[in-house]
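Take a look at the structure set out below.
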Amino acid sequence: MNSFKEENYLKAIYQLGVIDKENVVSATHLANWLFLKPPTVLEKLNSLVNKGLIKYDKTGGAKLTKKGYEIAINIVRRHRIWETYLYKQLNFSWSEVHEIAEQLEHVNSDKLIDKIYSILGNPEFDPHGDPIPNKQGIVPKSDRRPLSKSIKGCVCVVLGVSHDNEVFLNYLSDLNIALNDKLIVEQIISYDESIRLTNQKNEFILISAKAAEQLLVACLKPSCKCKIEI
């Protein structure tokens, strides 16, 4: 059985590989992600190499082996199922569920996870819009894109965020933006690329360019030109 620390390393290597669209992750990038010193990370990477969970070299970086990938994708699956359960069944906010799920993801019971997943209706995405891998490790595809890629007049729905930072999620809550909300792009301000929106209550919202880059949406109109211009 792998330790919590090893599972966190494997999950981080997987997540960084997805974010950077590469399978290889540098030790420095991994250290920054885990808020650890590079020598500490290098020591653990060598341990994971000895266990056959990753391949690593100083030039290329760390890459999950088949065995390491299977462990990592299972941890990601557990984490996202727990987040969904906490959000849908226990009414935690989307800014709260991540930290709690970080602890619960290490409960090593496939029977429990499968039961929770079934109770939830076998969802494909968690409260932050991240895809939930199935038992075979297959990750659902999504039409999600950043709100910043929108054009004026676009009608879209909120599907998640690119990074579930608590400060950012609280910022969205203050703007009255939540999952599955419908938003209309009224104006894109040329000075700073901030976006003026109308929500489903006909309230005006002004969102910064930085926030728009991290807020993930999908067009509701099949013919929307956003799909062409992204």
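The values are calculated or read from the model by the stated rules, or taken from the named source; none is laboratory data. Values in this document were obtained by computation on a predicted structure and should not be read as measured data. With ideal geometry, Cβ positions are generated from the backbone for all residues, glycine too; neighbour counts draw on all protein chains shown.
Can you name every residue in the stretch 80-126 that is surrounded by 15 or more Cβ atoms within 10 Å (Cβ to Cβ) and of a type in the set (Ser, Thr, Tyr)?
The answer is 84, 85, 87, 95, 117.
Table: residues versus (1) at pLDDT below 90; (2) within 28 Å of residue 11 (Cα to Cα).
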{"site": "123", "(1), (2)": "no, yes"}
{"site": "143", "(1), (2)": "yes, yes"}
{"site": "180", "(1), (2)": "yes, yes"}
{"site": "192", "(1), (2)": "no, no"}
{"site": "209", "(1), (2)": "no, no"}
{"site": "226", "(1), (2)": "yes, no"}
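Return yes when residue 212 is closer than 15 Å to residue 154 by Cα, assigned by TED's automatic domain parsing to the domain that holds residue 151, assigned to a strand (DSSP E or B) and within 20 Å of the chain's Cα centre (by Cα) and no when it is not.
Here the answer is no, as residue 212 does not meet what is asked.
Consider residue 7 carefully, then state whether it is modelled with pLDDT of 90 or more, surrounded by fewer than 13 Cβ atoms within 10 Å (Cβ to Cβ) and part of a helix (DSSP H, G or I).
no
Let me spell it out: the conditions are (1) farther than 14 Å from residue 218 by Cβ; (2) in a loop (DSSP other than H, G, I, E, B); (3) under 21 Å from the mean Cα position of the chain (by Cα), and residue 170 meets all of them except one. Which number is the exception?
In the conditions (1) farther than 14 Å from residue 218 by Cβ; (2) in a loop (DSSP other than H, G, I, E, B); (3) under 21 Å from the mean Cα position of the chain (by Cα), residue 170 misses (2) alone.
Here are the criteria: (1) exposed (fewer than 14 other Cβ atoms within 10 Å of the Cβ); (2) of a type in the set (Val, Ile, Thr); (3) part of a loop (DSSP other than H, G, I, E, B). Tell me which single one residue 151 does not satisfy.
(1)
Yes/no per residue for (1) without any contact (Cβ under 8 Å) to a residue 24 or more places away in the chain; (2) in contact with a Lys or Arg (Cβ under 8 Å, 6 or more places away or on another chain); (3) surrounded by fewer than 18 Cβ atoms within 10 Å (Cβ to Cβ):
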site: 13; (1), (2), (3): no, yes, no
site: 18; (1), (2), (3): yes, no, yes
site: 30; (1), (2), (3): no, no, no
site: 50; (1), (2), (3): yes, no, yes
